[in-house]
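Chemist: I am attaching a structure below and will ask some questions about it afterwards.
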Amino acid sequence: MSNREIQHLEKLARWLRYQSLVSTSRAGSGHPSSCLSAADLMAGLMFSGVFRSDIKHPTYFNNDRLLFSKGHAAPLFYALWALAGAIPSRELLTLRQFTSRLEGHPTMRFPYTLAATGSLGQGLGIGVGIALNAQRLEHLPYRTYVLLGDSEMAEGSVWEAIQWAGFRGLGQLVAIVDFNRMGQRGETMWGHDVNALRDRVKAFGWHVITIDGHNMREVISAYEAALRIKLQPVMIIARTFKGKGVSFMENQDAWHGKALKPDELERALLELG
């Protein structure tokens, strides 16, 4: 991929950050810092040519699937589909309003949601079921991508899903871990020790790739490598920083679940450019 293409993807990631900040500030609630850490990962997935989907037909049988197991990053999820042209950008400003289909965590009211998430630890198990269906019942090539947070990697349900996917050799399943070190109550179990998680997941028969989740070239290389793996599920463990792109939020544990005030939003948007 050329430098120009990488720079374009980085620009799209900034747009996703911008919209995540604006929509949560407009709503007065949400999880903007959790969106900022995963913006590069999602821009790289959706707009590099890796993710295959008929945007106008979200239920098309051979679309690739995308699940946000970390459902509190819903503003990023909605911004991603807006950037893809699925919904108008102005709809992002209706986030969390009573009549809006853009709820605080993704639900089936939004047509691009595959499963309601937000109760952490549920998304990977759902993704395993979808990938198993593609492999064993439908015999179709679509891939299932699941975005997870590192906090939910402490959930037993996640490890049950990891074990089953490895046992079944679900080569059409890709888990993406936003390894940003922070949860709701401070540092997560492994902090930024990506090797600790890597070794555990590999023991269950997964192909594991560790990357800098804010280096777009590494992000794209990981997705392209995942496409070449056919007989194992793939986990991409991306070392990231919560609040990435905004200096006063980045890697700070005081920002979980807090929308920016108007003056803070102005400062943040100036930094994003």
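Read the figures in this text as sums done on the coordinates, not as results from a lab. Here the structure is a predicted model, which means the values were calculated and not measured. Positions of Cβ are generated from backbone atoms using ideal geometry, with glycine treated the same way; all protein chains shown enter the neighbour counts.
Chemist: As a test, work out the antiparallel percent of DSSP beta bridges whose residues both lie in the chain, rounded to the nearest 5.
Modeler: The antiparallel proportion sits near 10 percent.
Chemist: Applying the Karplus parametrisation 6.51 cos²θ - 1.76 cosθ + 1.60 with θ = phi - 60° to the phi angles of segment 20-34, what ³J(HN,Hα) value in whole Hz is obtained for each residue in order, glycine and proline being reported as x?
Modeler: 5, 5, 5, 5, 6, 5, 4, 6, x, 6, x, 10, x, 5, 6
Chemist: Tell me which of Trp15, Gly273, Ala131 sits at the most positive position along the dipole axis of the chain, charges placed on C-beta atoms (Lys, Arg +1; Asp, Glu -1).
Modeler: Ala131
Chemist: Quick one: order Arg181, Arg168 by neighbouring beta-carbon count within 10 Å, fewest to most.
Modeler: Ranked by crowding around the Cβ, least crowded first: Arg168, Arg181.
Chemist: Now for a different question. For the pairs Lys56/Lys242; Lys70/Lys202; Lys56/Lys261, flag any whose C-alpha to C-alpha distance is greater than 26 Å.
Modeler: Listed pairs above 26 Å: Lys56/Lys242; Lys56/Lys261.
Chemist: Okay, moving on. Out of all Cα-Cα pairs in segment 3-272, roughly what percent, to the nearest whole number, are more than 23 Å apart?
Modeler: When all Cα pairs of segment 3-272 are counted, 48 percent exceed 23 Å.
Chemist: Which whole-number percentage describes the relative contact order of segment 3-272, with Cα contacts under 8 Å and a sequence gap of 6 or more?
Modeler: 23
Chemist: Only Lys, Arg, Asp and Glu count, each charged at its Cβ (+1, +1, -1, -1), so figure out the dipole size of the chain about its Cα centre, rounded to 20 debye.
Modeler: I would put it at about 440 debye.
Chemist: While we're looking at this one, here's another question. What 222 nm value per residue comes from the helices of the chain, counting each DSSP H run with n ≥ 4 as -39,500 (n - 2.57) and dividing by all residues, nearest 500 deg cm²/dmol?
Modeler: Mean residue ellipticity at 222 nm (helix-derived): -12500 deg cm²/dmol.
Chemist: For Thr210, which sequence-distant residues (separation of 5 or more, or a different chain) have an amide H within less than 5 Å of its own amide H, given hydrogens modelled in the peptide plane?
Modeler: Those lying under 5 Å, H to H, from Thr210 are Ile237.
Chemist: When the Cα centres of segment 1-15 and segment 45-71 are compared, how far apart do they sit, in Å?
Modeler: 19
Chemist: Further question: Give the separation of the Cα centroids, segment 132-194 to segment 86-113, in Å.
Modeler: Here the two parts' Cα centres lie 25 Å apart.
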